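The values are calculated or read from the model by the stated rules, or taken from the named source; none is laboratory data. Just so it is clear, the structure is predicted and the values come from calculations on it, not from any experiment. FYI the Cβ positions are ideal-geometry reconstructions off the backbone, even for glycines, and counts take in every protein chain you see.
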Amino acid sequence: MDFEFIITSKQEAIGIVELNRPKQYNALNRKMVREIVEAFEQFERDEEVRVIVLQGRGNAFSAGADIDEMAFDDTIKLELLNQFADWDKIALMKKPIIGAVQGYVFGGGFELALSCDMLIAAEGTEFCFPEVNLGVMPGAGGTQRLTKLVGRTKALEWIWTANRITANAALQHGVINQIVQKEILIEETMKIATQISNQPPLAIRLIKESVNKAVDYSLYEGMQFERKNFYVLFSSEDQKEGMQAFVEKRKPQFKGR
Ligand code: CO8
């Protein structure tokens, strides 16, 4: 895959997307976001890929949206541009997306991280919504995703003050899954990605879909959805293999069928 602002690669069953504007702290311009979506979509279609890892090259995951690009935009231009349609696609990806974050995770970069399913952070990572300092507010899901994760009180504090949030605070409030030393960030992320990639892929995808419904649906609706997915998994070869392997006391070989 040939991209201008990202680098993609594959390591066994893991598709890797790396933000690649290190001199601008991986500030997200619109083309870059489109490329991220395109890379994700290609990995979604690739049956070999079971998990996607998203990371940033250099000293930051991402310092947010490219301010130079949007400084002179106006309301009508933005509304017609409809750039958030690309962001919506990220939220609809079926495969697990694990973010490996370090350095600055600011603004749109924080929103991109919040679009991942799991986040592993290096020690010293700083999270921040600085938009208010620019006279605006988060626009790619920040007010919604952060509030659903940490609750209204903390979300308002963090977004209103634009204070930098330490990795420890992010961990304490359930924003990230784990903090690791910077030198082993990718290694540890790949370990978790590999562990998940060894699980039955269809079950992994339907679990993601079902857990995400819990965020938006009532308990009753979410339970109906979960049940439907549970039944669907009984049509898969991996269910037969997983249960047969248990009975035969051996390790299952999952094929993603
Ligand atoms: N946009 C454009 N360029 C940036 C950005 C950015 N967000 N962040 C850093 N850069 C550039 C700088 O302009 C500078 O470029 P140059 O070398 O050409 O002058 C280079 O990166 C290095 O930056 P600094 O010299 O400022 O480095 P420091 O180490 O002194 O500071 C900081 C690092 C603290 C990260 C600082 O650069 C900073 O505050 N950046 C802006 C952070 C910010 O406000 N982010 C929020 C942007 S708004 C947003 O994300 C809204 C999301 C809405 C939806 C998403 C749509 C895509």
Scan the range 57-71 and report the pairs whose first residue is assigned to a strand (DSSP E or B) and whose second residue is buried (at least 17 other Cβ atoms within 10 Å of the Cβ) and of a type in the set (S, T, Y), with Cβ atoms within less than 9 Å and a gap of 6+ or a chain change.
-> A60/Y25; A60/Y104; F61/Y25; F61/Y104; F61/T125; S62/Y25; S62/Y104
G103 passes all but one of the listed conditions (1) within 19 Å of G142 (Cβ to Cβ); (2) of a type outside the set (V, I, T); (3) in contact with a helix residue (DSSP H, G or I) (Cβ under 7 Å, 6 or more places away or on another chain); the exception is number (3)
From D117, D74, which residue is assigned by TED's automatic domain parsing to the domain that holds K10 and either in contact with a strand residue (DSSP E or B) (Cβ under 8 Å, 6 or more places away or on another chain) or within 24 Å of T161 (Cβ to Cβ) (or both)?
-> D117
Output the residues belonging to the range 61-83 that are within 17 Å of F5 (Cα to Cα), more than 7 Å from the ligand (Cβ to nearest atom) and of a type outside the set (G, A, S).
-> F61, E69
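Every residue, every condition in (1) surrounded by fewer than 20 Cβ atoms within 10 Å (Cβ to Cβ); (2) not hydrophobic (A, V, I, L, M, F, W, C), yes or no:
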site	(1), (2)
V17	no, no
R45	yes, yes
L54	no, no
G58	yes, yes
M70	yes, no
D73	yes, yes
V101	no, no
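Just checking: which of the helices (runs of 4 or more DSSP H) contained wholly in the range 98-204 hold 3 or more residues that are within 17 Å of the chain's Cα centre (by Cα)?
Details: elements: 107-114, 142-150, 152-161, 167-172, 185-197.
Passing ranges, in order: 107-114, 142-150, 167-172, 185-197.
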So I36, is it crowded, with 19+ Cβ neighbours inside 10 Å, under 16 Å from A113 (Cα atoms) and without any contact (Cβ under 8 Å) to a residue 60 or more places away in the chain = no
